Amino acid sequence: MSPGVLAELERALGYSKLRRRIPEHDARDFLGSLAEAAALVEDPDEGPPVRSSDPGDDYLIALAASRRAILVSGDKHLLVFSEEIPVDSPARLLERLSEQAR
């Protein structure tokens, strides 16, 4: 988790379509718990190894690459890179974890 990811999550949780489903105090509590529990790392200085058609996603690609981590997202702009970078949908990640547990 990085400051940039936390800031984007906070912004997204403030969207009216989410606010109708997630009360403000629940969103605040979730962000606080996540910030406490997550391993916080600096946002990367280097650019991403591939560029998304949505430039706002490039920092996520750069962050995952800099940490050698799997990027987990349902975003179609990111999932198209599954052959080039380690990116999985949440469902695919759960499948992989289930397979490894067997």
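The residues in the range 1-41 that are in a helix (DSSP H, G or I), free of Cβ contacts under 8 Å to residues at least 40 places away in the same chain and of a type in the set (A, V, I, L, M, F, W, C) can be counted, and the count is 12. Note on the range 29-38: among residues that are within 18 Å of the chain's Cα centre (by Cα) and surrounded by 11 or more Cβ atoms within 10 Å (Cβ to Cβ), the one that is farthest from S2 (Cα to Cα) is F30.
Go through E95, E46, E99, E83 for me and flag whichever is more than 18 Å from E8 (Cα to Cα), at pLDDT below 90 and not hydrophobic (A, V, I, L, M, F, W, C). Going through E95, E46, E99, E83 in turn, the sole match is E83.
When only residues in the range 79-102 that are of a type in the set (S, T, N, Q) and in a helix (DSSP H, G or I) count, which is farthest from S66 (Cα to Cα)? Explain how you work it out, then say what you get.
To start, the set of residues in the range 79-102 that are of a type in the set (S, T, N, Q) comprises 82, 89, 98, 100.
Now narrow it down to the ones that are in a helix (DSSP H, G or I): 98, 100.
Values: S98: 26, Q100: 25 Å.
Among residues in the range 79-102 that are of a type in the set (S, T, N, Q) and in a helix (DSSP H, G or I), the one farthest from S66 (Cα to Cα) is S98.
Residue pairs whose Cβ atoms lie under 6 Å apart, separated by 6 or more positions or on different chains, with the first residue in the range 60-88 and over 9 Å from P48 (Cβ atoms) and the second small (G, A, S), are L71/A64; G74/S89; H77/S52; H77/S53.
For the range 89-98, give me each residue that is among the polar types (S, T, N, Q) and surrounded by 14 or more Cβ atoms within 10 Å (Cβ to Cβ). Hit for the range 89-98 is S89, nothing else.
Which of the residues belonging to the range 71-88 are within 22 Å of L40 (Cβ to Cβ) and loosely packed, with under 14 Cβ neighbours inside 10 Å? Answer for the range 71-88, where residues must be within 22 Å of L40 (Cβ to Cβ) and loosely packed, with under 14 Cβ neighbours inside 10 Å: just P86. When the range 7-27 is filtered for residues that are over 16 Å from L71 (Cβ atoms) and surrounded by 13 or more Cβ atoms within 10 Å (Cβ to Cβ), the ones remaining, listed by number, are E10, L13, I22, A27. Residues that are loosely packed, with under 13 Cβ neighbours inside 10 Å and part of a helix (DSSP H, G or I) are absent from the range 57-68.
With the requirement that a residue be among the aromatic types (F, W, Y) and closer than 21 Å to P3 by Cα, what does the range 43-91 give you? Write out each step before concluding.
Keep residues of the range 43-91 that are among the aromatic types (F, W, Y), which gives 59, 81.
Within the range 43-91, just Y59 meets the criteria.
The values are calculated or read from the model by the stated rules, or taken from the named source; none is laboratory data. The structure displayed is predicted, hence computed values, not measured ones. Please note: Cβ atoms are built from the backbone with ideal geometry, for glycine as well, and neighbour counts cover all protein chains shown.
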